[in-house]
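The structure appears right after this line, and notes come after that.
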């Protein structure tokens, strides 16, 4: 691991490692439709990266839905649980970037999703053993864009943030990683490409390009 100027890569999960934003999008539009509400992409983008309950509270408030956020979250979680088990797809380049840096850099995941969903994903993709740290949102007080989750992941890696690269697909995530002090690479998805990723240190078209950039930029 001493061959690199950086010591770890911390991955976001939803929309970055897996094509889950497509699934969340379907469920959220269905919920809005049930209450005769119109969910905009702007609202959806602002929901990304947050803790599940924070995201749903924002959703309920913005759409003026006459239901408790906890009930909406439970409903969404029940549907997403099954979708993740039956319709999970890795994002292009995921296996490539993991295989490229496994045993060369420490690898971690820092996701706004709950532990249950993180466990489903790493086991479905059979990648659990590749990661030193699996940081979920269950023990996080403030979701992204607050840097708490990345600071906690760095601490569990026994590294300072300046030694860590963060990979993110959302602006909330980019801001969280940057505020923590990490070098942030944005990898926009089809749902976030229109966001302003200028706060990121680099913007990659996909995970394969991100891997190439890391090799080129941080290899002595």
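The values are calculated or read from the model by the stated rules, or taken from the named source; none is laboratory data. Note that this is a predicted model, so its numbers are computed, not measured. Here the Cβ positions follow ideal geometry from the backbone for every residue, glycine too, while neighbour counts run over all protein chains shown.
A few comments on the model shown:
- Residue 97 fulfils the conditions (1) surrounded by fewer than 22 Cβ atoms within 10 Å (Cβ to Cβ); (2) under 20 Å from residue 204 (Cα atoms) except for a single criterion, (1).
- Within the stretch 172-195, being touching a helix residue (DSSP H, G or I) at 6+ places or on another chain (Cβ under 7 Å) and modelled with pLDDT of 95 or more holds for 176, 177, 180, 181, 182, 184, 185, 186, 187.
- Picking from residues in the stretch 122-137 that are touching a residue at least 40 places away in the same chain (Cβ under 8 Å) and over 17 Å from residue 9 (Cβ atoms), the one that is nearest to the chain's Cα centre (by Cα) is 137.
- Helices (runs of 4 or more DSSP H) fully within the stretch 138-220 that include at least 3 residues being assigned by TED's automatic domain parsing to the domain that holds residue 94 and more than 16 Å from the chain's Cα centre (by Cα): 207-218.
- Helices (runs of 4 or more DSSP H) wholly inside the stretch 1-85 that include at least 3 residues being under 30 Å from residue 97 (Cβ atoms) and touching a strand residue (DSSP E or B) at 6+ places or on another chain (Cβ under 9 Å): 20-34
- Of the residues 37, 57, 22, the single one that is surrounded by 15 or more Cβ atoms within 10 Å (Cβ to Cβ) and under 19 Å from residue 168 (Cα atoms) is 22.
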